[in-house]
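Notes for the one structure printed next.
Where a number appears in this text, it was derived from the coordinates with a stated rule and is not lab data. These figures come from a predicted structure and were not determined experimentally. FYI the Cβ positions are ideal-geometry reconstructions off the backbone, even for glycines, and counts take in every protein chain you see.
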Amino acid sequence: RYEKNQYGGFSWGTGLETNFRPFQGWEIEIEPSFNKELNPAQYVETADDPDYKDTFGHRYIFGELMHQTLSLETRLNVAFNSKLTIQFYAQTFISSGKYLNYKQLKNPRSYKFDIFNEGSTIVDGDDNLKYLDFNGDQKYDFSFEDGNFTIRSLKLNGVLRWEYLPGSTLFLVWQHSRFNEKNNVFFDINNSLNRLWSTRPDNAVILKLNYWLEI
């Protein structure tokens, strides 16, 4: 799937769905997907500048945001018999965004921009900030936080169902999750997986018991 707009932005995605039954009573479903999109004008910040009359004393800062997401969903259903089943679900994804170019709105009610020159108008700082020099006097007029990001997530759910008596069931549920977010990092699969597995997980176990009373 590929889409493109008149402003230079695009969206591209692909995915695969696979189902197979390796053994009797077993069913496995795997769904990997990858999406990539470019937003040519993502709003970032507004800088007050009374001397800048083109946009009425404000400089509206935008950036070209490249966003990539890799995800994998897996389902496992196992039926040992009609009374005992297990279901597992796993979802992991890595989502990263990187700003390629920063720019300011040129005119009100328009889609025209003035691009900041890297190293002169805009400078990277050592403190995860971007510094802007609007008039070229070698003095910084405005700063804002670098918006690059990477989000990593893993969710696991397992459900055991046992009908220990006719009409009476026991459910044992296990939930496991990991989440990690890092600024100023772009798409890196190996690094992201290592960080995700080193993140402290959250676990929950739930037991539910139903007993059918014949009245």
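What does the charge count around THR150 come to, taking other residues whose C-beta lies under 11 Å from its C-beta (Lys +1, Arg +1, Asp -1, Glu -1)? Once positives and negatives cancel, what remains is +2.
Give me the mean projected area, in nm² to one decimal, of the convex hull enclosing the Cα positions of the chain.
Averaged projected area of the chain's Cα convex hull equals 18.9 nm².
Straight-line reach only, C-alpha to C-alpha below 20 angstrom: list the lysines that LYS98 could link to, leaving out same-chain residues fewer than 8 apart. Reachable lysines: LYS4, LYS36, LYS130, LYS182. Within the shell defined by Cβ-Cβ distances under 13 Å, the residues around GLY9 carry a net charge of -1, with Lys and Arg each +1 and Asp and Glu each -1. In whole angstrom, how far apart do the alpha carbon centroids of the range 175-215 and the range 151-173 sit? Distance between centres, Cα-based: 15 Å.
With contributions of -39500 (n - 2.57) from each DSSP H run of at least four residues, the per-residue ellipticity at 222 nm computed over the chain stands at -1500 deg cm²/dmol.
Of the chymotrypsin sites (Phe, Trp or Tyr not before Pro) in the range 90-128, not one is in a loop by DSSP (not H, G, I, E or B) with at most 10 other beta carbons within 10 Å. Taking SER168, SER192, SER120 as the candidate residues, the one with maximal mean-square fluctuation in a Gaussian network model of the chain, Cα springs under 10 Å, is SER168.
A cut-off of 5 Å between modelled amide H atoms, ignoring neighbours fewer than 5 places along the same chain, links HIS58 with ASP49. Size of the dipole of the chain about the Cα centre, Lys and Arg at +1 and Asp and Glu at -1 on the beta carbon, nothing else charged, in debye to 20? So the magnitude is around 880 debye.
Hydrodynamic estimate: the Kirkwood radius of the range 1-112 over Cα pairs, inserted into Stokes-Einstein at 25 °C and 0.890 mPa s, corresponds to D of 137 µm²/s. Net charge in the neighbourhood of ASN180 (other residues with Cβ under 11 Å of its Cβ; Lys, Arg +1, Asp, Glu -1) is +4.
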